[in-house]
Amino acid sequence: MKLGVSLPVFTADPSRPLAVAARAAELGFDGVFSPDHLFPPVFYPPSGPDRPALEAFTTLSAVSALHPALHVGTLVARVTLRAPGLLAKQAAALDHMSGGRGIIALGTGDAASRPEHEMYGFPYPNAAERVAQLEETVSALRALFDGATWPGGTRVAALSGPLLPPGSPQLWVGGRSEAVLGVAARVADAWNGWGDDVEAFAAKAARLRDLAGDRPVTPTWAGIALVGETARDLERLLTERAAKGMSTEGVWTGTAAELGSFVEALGEAGATWFVVLPAGPMDRLDVIADVLIAR
């Protein structure tokens, strides 16, 4: 299983994600990933349009120039925020720059995405339309990455390319719904489950295999984790988090040993990547590496 780190991009200081990427490379992680938001959404407090967010492809390009051995990827880029042709060009360029280590995880967004769309003038289609747009976008990008053309569909217009310099990053699809699992099974290289527990992840990974049949597509996991070195250390971290008014909803919490067991169980369920956004102090990445990198 490959190990990745989600970068802290909700800042005006680019040195923060670059420092995390440098430490991830030093510790032996396989890749780094960036969320793709115009400002922090509600599940990344403090949130709102008055809070900064660094742009995903710009950040990843800087990381790739500094650490060419790392995989670099979006997790996830929403297909409603970029024209497919522009997205294809950005993705191919990132893959070319990283020496073929690009990963483009795409998604539909959810209700938390609506304010970004409204404030920046992007249409926000209903869920079914966004899923359909996701599938056509992945298919269109795949065609251009393969040096072919996209003839046009009901939601993505014809694209002839070519993409020069060429690039062919992995195409992931992220999301929890059955509809998104279906898209991943039909057209993606991998599916990403954000924040699922082992039982839910294993069930969705099995469903993905059923839907894909003979087509190769792999499950991956990503999420936020608050990890204590010991039970007492974890209790301290939880107390500090509560004092700041921060919830642990949607956050995996446990000791380093428990994290090791969790990741092992994800691997048994078929996960090929574990991507973590460390919560808490800056040293949590080292705590996570201590238990996972030797595996």
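The values are calculated or read from the model by the stated rules, or taken from the named source; none is laboratory data. Just so you know, these numbers come straight off a predicted model, no measurement behind them. No Cβ is skipped: glycine too gets one built from the backbone with ideal geometry, and neighbour counts run over all protein chains shown. For accessibility, only protein heavy atoms count, side chains too; no ligands or nucleic acids. Shrake-Rupley method; radii C 1.70, N 1.55, O 1.52, S 1.80 Å.
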Open item on the list: I'd like the residue in region 234-245 that is among the hydrophobic types (A, V, I, L, M, F, W, C) and at pLDDT below 95 and, out of all such residues, is nearest to ARG176 (Cα to Cα).
Closed with: ALA242
TODO: Name the residue, out of ALA12, ALA24, that is closer than 26 Å to TRP172 by Cα and either touching a residue at least 24 places away in the same chain (Cβ under 8 Å) or in contact with a helix residue (DSSP H, G or I) (Cβ under 6 Å, 6 or more places away or on another chain) (or both).
DONE: ALA24
- [ ] Answer yes or no as to whether ARG142 is among the basic types (Lys, Arg), under 26 Å from GLY193 (Cα atoms) and part of a helix (DSSP H, G or I).
- [x] yes
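Let's see how each residue does on (1) closer than 30 Å to LEU171 by Cβ; (2) at pLDDT 95 or above:
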site: PRO219; (1), (2): yes, yes
site: ALA225; (1), (2): yes, yes
site: ARG232; (1), (2): no, yes
site: SER247; (1), (2): no, no
site: THR272; (1), (2): yes, yes
site: VAL276; (1), (2): yes, yes
site: ALA279; (1), (2): yes, yes
site: ILE288; (1), (2): yes, yes
site: ALA294; (1), (2): no, no
Open item on the list: Residue pairs, Cβ under 7 Å, 6 or more apart or interchain, first in region 276-295 and over 16 Å from MET1 (Cα atoms) and part of a helix (DSSP H, G or I), second open to solvent by 40 Å² or more (accessible area, probe 1.4 Å) and of a type in the set (Asp, Glu). List them.
Closed with: VAL287/GLU229
TODO: Select, from ALA271, ALA184, ALA179, the only residue that is within 26 Å of PHE145 (Cα to Cα), part of a loop (DSSP other than H, G, I, E, B) and open to solvent by less than 60 Å² (accessible area, probe 1.4 Å).
DONE: ALA271
Open item on the list: Checking THR59 against (1) open to solvent by 10 Å² or more (accessible area, probe 1.4 Å); (2) out of contact with any strand residue (DSSP E or B) (no Cβ under 8 Å at 6 or more places or on another chain), only one condition comes out false. Which one?
Closed with: (2)
TODO: Identify the residue in region 252-261 that is open to solvent by 20 Å² or more (accessible area, probe 1.4 Å), in contact (Cβ under 8 Å) with a residue 12 or more places away in the chain and not polar (S, T, N, Q) and, among all such residues, is nearest to ALA222 (Cα to Cα).
DONE: TRP252
- [ ] Answer yes or no: is there a residue in region 40-47 that is within 30 Å of GLY267 (Cβ to Cβ) and open to solvent by 40 Å² or more (accessible area, probe 1.4 Å).
- [x] yes
Open item on the list: Quick check on region 1-14: of everything there that is small (Gly, Ala, Ser) and open to solvent by less than 60 Å² (accessible area, probe 1.4 Å), which residue is farthest from the chain's Cα centre (by Cα)?
Closed with: GLY4
Task: Residue count, region 158-193 (criterion: touching a residue at least 12 places away in the same chain (Cβ under 8 Å) and over 17 Å from the mean Cα position of the chain (by Cα)) - done: 14
Task: Complete set of residues in region 198-227 that are of a type outside the set (A, V, I, L, M, F, W, C), under 30 Å from ASP283 (Cβ atoms) and without any contact (Cβ under 8 Å) to a residue 40 or more places away in the chain - done: none
